[in-house]
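The structure appears right after this line, and notes come after that.
The values are calculated or read from the model by the stated rules, or taken from the named source; none is laboratory data. Just so we're clear, the structure is a prediction, and the values are computed from it rather than from any experiment. The protein model used for the area step is the full one, side chains on, heavy atoms only, and it has no ligands, DNA or RNA in it. Shrake-Rupley method; radii C 1.70, N 1.55, O 1.52, S 1.80 Å.
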Amino acid sequence: QVQLVESGGGLVQPGGSLRLSCAASGRLFSRYLMGWYRQAPGKQRELLASIIQTSSTTYADSVKGRFTISRDNAKNTVYLQMNSLKPEDTAVYYCNARLGVTDSWGQGTQVTVSS
C-alpha cells in the first residue's frame, strides 16, 4: 500500500494560484495512476485531473485550462498547479493512487478561495 501526504493548500484570493503537492511512499510510484480530487461541503468527491506515466493526462471540464497535473517520478511526487482560482474551487483536495487492487488516499488539504 502506498502512503500519500498532500501539502500546499491554504487561503488565496480569487484569481490567485496555488500548487498542491502529494508525496508518495513505497515502490513502483511511476506505475501508479495518480489523481487529484476535491470535495466541497455537501457535495460529492469529484475527480479533477489524473496522470499516468508522465504525460498522459485528463481533466474535468470545470478545471480544464486552469489546473495542470504533473509528476516527478524521481521524487515520488505528483503536483496540481491551480491558476485563476475561483470561490467555487473552495474544497478539501485529495490525492489518489491506483495500481491493480491498490487504491490509496491522502488525508486531504484545504483550499479556500476568498477575498
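A few comments on the model shown:
- For the chain, accessible area per residue (1.4 Å probe, heavy atoms of protein chains only), Å²: 53
- Partner lysines whose Cα lies under 25 Å from the Cα of LYS86, excluding those fewer than 8 positions away in the same chain, are identified as LYS43, LYS64.
- Karplus 3J(HN,Hα) series, Hz, for segment 21-29 with 6.51 cos²θ - 1.76 cosθ + 1.60 (x for Gly, Pro): 10, 9, 8, 10, 9, x, 9, 6, 3
- Pairwise Cα inverse-distance average, inverted: Kirkwood Rh of the chain (Å): 14.0
- Accessible-area composition of the chain, carbon plus sulfur, in percent [1.4 Å probe]: 47
- Rg and Dmax of segment 44-87, Cα atoms only, in Å: 11.1, 34
- Solvent-accessible ranking of ILE69, ILE52, largest area first, probe 1.4 Å: ILE52, ILE69
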